[in-house]
Structures are given as C-alpha cells and as structure tokens.
1. Looking only at residues in the stretch 63-88 that are of a type in the set (Val, Ile, Thr) and in contact with a helix residue (DSSP H, G or I) (Cβ under 8 Å, 6 or more places away or on another chain), which one is surrounded by the fewest Cβ atoms within 10 Å (Cβ to Cβ)?
2. When the residues of the stretch 148-198 are narrowed to those that are within 16 Å of ligand 2 (Cβ to nearest atom), outside any helix (DSSP H, G or I) and among the aliphatic types (A, V, I, L, M), which ends up modelled with the lowest pLDDT?
3. In the stretch 196-225, how many are of a type in the set (D, E, K, R) and over 17 Å from residue 236 (Cα atoms)?
4. Only one of (1) surrounded by fewer than 22 Cβ atoms within 10 Å (Cβ to Cβ); (2) more than 12 Å from ligand 1 (Cβ to nearest atom); (3) modelled with pLDDT of 95 or more fails for residue 219. Which number is that?
5. Within the stretch 121-132, is even one residue part of a loop (DSSP other than H, G, I, E, B), under 19 Å from residue 71 (Cβ atoms) and within 14 Å of ligand 2 (Cβ to nearest atom)?
6. Only residues in the stretch 95-108 that are outside any loop (DSSP other than H, G, I, E, B) count as the first member; pair them with residues that are within 10 Å of ligand 2 (Cβ to nearest atom) and charged (D, E, K, R), Cβ under 7 angstrom, at least 6 apart or cross-chain, and list the lot.
7. For the subset of the stretch 96-116 comprising residues that are away from ligand 2 (no atom under 13 Å from the Cβ) and surrounded by 19 or more Cβ atoms within 10 Å (Cβ to Cβ), which member is farthest from residue 262 (Cα to Cα)?
Amino acid sequence: MNAARLHLLLHVFLSAGVLVRAFDPFTVTSSLFGISAALGRTIYDYFRHKGCDPESIVFNATGLQLDLQTKLFRQHIASRVILKAVTGFMSNDNPKKPLVLSLHGPSGTGKSFVSQLIADNIYKEGMDSSFVHVFTSELHFPHSSHLDTYKLQQWIKGNVTNCGRSMFIFDEMDKMQPGLIDSIKPYLDYHENLDGVSYRKAIFIFLSNAGREGIIQTALDFWKAGQDREELELKDLETVLSVSVFNNKNSYFSSLIDKNPVDFFIPFLPLEYRHVIECALAEMKARGVPPDRNVAEQVARDVVYDLKTESVFSVKGCKTISSKVDYYT
Ligand SMILES: Nc1ncnc2c1ncn2[C@@H]1O[C@H](COP(=O)(O)OP(=O)(O)O)[C@@H](O)[C@H]1O
Ligand SMILES: [Mg+2]
C-alpha cells in the first residue's frame, strides 16, 4: 500500500471518529459499525503486510521455567502443565491448531498472574504488547447481542490477520454469554484456515472459577489426610473438574464440549495461611522494601479464611495482599 492510500485511509477512519488503537472493534460505536466493517478488511490487509514484529516476539523457554518456579507459588500442577504445553506449542513452527488452555480454580490463586508470566516470556512487551488481547465479558459486552457476536469474531479475526502469533485471554469465562462462547468455537479447532486466515499459531487462554468447589474439596481431603499437597496430581483433579465442570449445564463447557477444542484443563489449588505469607514477602521484595516476616504474618492474619474448609484456605487467595502490604509498611 502506498503512502497516499494509507493517508487517505487513515483520514477517512479518523474523520469518522473512530479510535485507531490496535484496531480493536470494541471501540467502534454501533452507528459507525457499517463504515468500520467495510474499512476493517482493508486496514487488516494493510497490517498483514506489516505482520508480527519478529523482534518483539521471542519465546524464552528458560525464562518461563524460571518464572514458574520462582514467581508462581504452590501451583505445582499448573506450573508443570503450562511449561510443557507452552514450550511444546511455541517450539512448533507448524502447529495443527491453536493452543487452548483453560485455567480453573478459586480466585486469587494465580490464574491471571500466570497468564502474565506466559505473555512476559513470549512478547517483549508482555501484557502491554499489541499482540496480547484481554477480553472480559462483563466489561466488553454486558448485554450480549448479535452485534456483539459479530464484533467479537471480527476482533479475533482482525488481530490474528495482523499477527498469527497473537494471544487472547478471556477472563471470567463462566460469566460469559453462551452465544458469545459459541461464536469463538470455530477459531479454536483444527482448520487449515478460515476465510483465508489461519488461527493455528494463536494462543487462547480461558480463565474461570468453574470447578472451584471440587478443587477445594480435593485439596481439603488431602490436607485432612495429612498428605503433602505436592503429592496431588493432575489425575486427582481431572475427575472433580469433569464432574463439576462438564456436567453443569450452565457451565461454559457445555457449549465447548462437543468438539472439545481445549488442549489442557489446568487446576489452580487454593492457598493456605503459609502461602499468603509467601505472597506478602514477595510483594515487599518486589517493592524494594526489605521483606519483614512480622509484617507478612500480620498481613496473612488479616486475610479471610473459608470456614467451610475449617479456615485452612484463604477465600481470595493472595488477591488483596498488595493493599494490605500498603497498610502495614
Ligand atoms: N500462586 C501464586 N503465586 C504468587 N503470587 C500469587 C499467586 N496467586 C496469586 N498471587 C498474587 O495475587 C495477585 C492476584 O492473583 P490473580 O492471578 O489475579 O488471581 P486469579 O486466580 O483470581 O486470576 C497476583 O497478581 C499475584 O501477585
Ligand atoms: Mg483473574
């Protein structure tokens, strides 16, 4: 595309009042939707020439391994599965389908955090990379409609057209409208290409609390039996995940299950008092404050523990630690 044409294109786009930022269809108002849909293809085509910036996408397998070992606490199953899945996928130049990970567990246990670690080790700019896209259903589409479905599909298509090695994180999957989930299904599957676009190098990560009760119960049974939590294996949790997730008609999996495009279901375990202490110490370290055990214990005592688990597990994991560290330091 020559400069004059690009200039004209951008002029039309900007004068239409559309924000040109990462070509995110969510910023397009519905009255302008027709214009943007017509322009969308041309804009994406232009960016196809640009493609992904190879210098900003360099997978660092050792970096991911180190981050999982040192920054993500007490999630031995998730660490292992994620390292294997991401490393395998990123080392393959010609994957048959996109990588689809589904992360489950109570809140504050590291699901969003680990997504960030993955992004940090693939994209130079981590979560700030223009190839990493976060979708939160409640924020983006509180009321689902056909237009939303179309916009979501265009958003995925546009971003993957721009760069095949794109990463999509869908937060709060369990709150997402089934119609919206249905609309992303085709992109997750084995297809050479769809409408001329190949999705096979993309990564989709779904985050949800679905299955949390089963995970908590299993972890509690282990704890009560005096077994080390590190002895818990993926297979111990796969059964509970499938019972509470797949058999639940309201769960998003009932929509995804028929073709089952999810490569890995990854459980996140609830965190205990001693783990909250670790989070608080890490938070102080990250701020450059000398880690103080007394402060960390104070923070951990302040956290609410789930009575249903005999107060063994923190209700919100390590979620509110940062503000509590603020308070005590
Ligand atoms: N397993 C963990 N290891 C280290 N830090 C954690 C862990 N779980 C939670 N945290 C801390 O708590 C914060 C909130 O966790 P987050 O990943 O957002 O929870 P969620 O599982 O609900 O997505 C993170 O940013 C991180 O600082
Ligand atoms: Mg989260």
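The values are calculated or read from the model by the stated rules, or taken from the named source; none is laboratory data. Since the structure is predicted, the reported quantities are computational estimates derived from the model, not experimental observations. In this analysis, Cβ positions are derived from the backbone assuming ideal geometry, glycine residues included, and neighbour counts consider all displayed protein chains.
1. 87
2. Filtering first and then ranking leaves 176.
3. Number of matching residues: 2.
4. The single condition residue 219 does not satisfy is (1).
5. Scanning the stretch 121-132 turns up no residue that is part of a loop (DSSP other than H, G, I, E, B), under 19 Å from residue 71 (Cβ atoms) and within 14 Å of ligand 2 (Cβ to nearest atom).
6. 103/111
7. Looking at residues that are away from ligand 2 (no atom under 13 Å from the Cβ) and surrounded by 19 or more Cβ atoms within 10 Å (Cβ to Cβ), I get 98.
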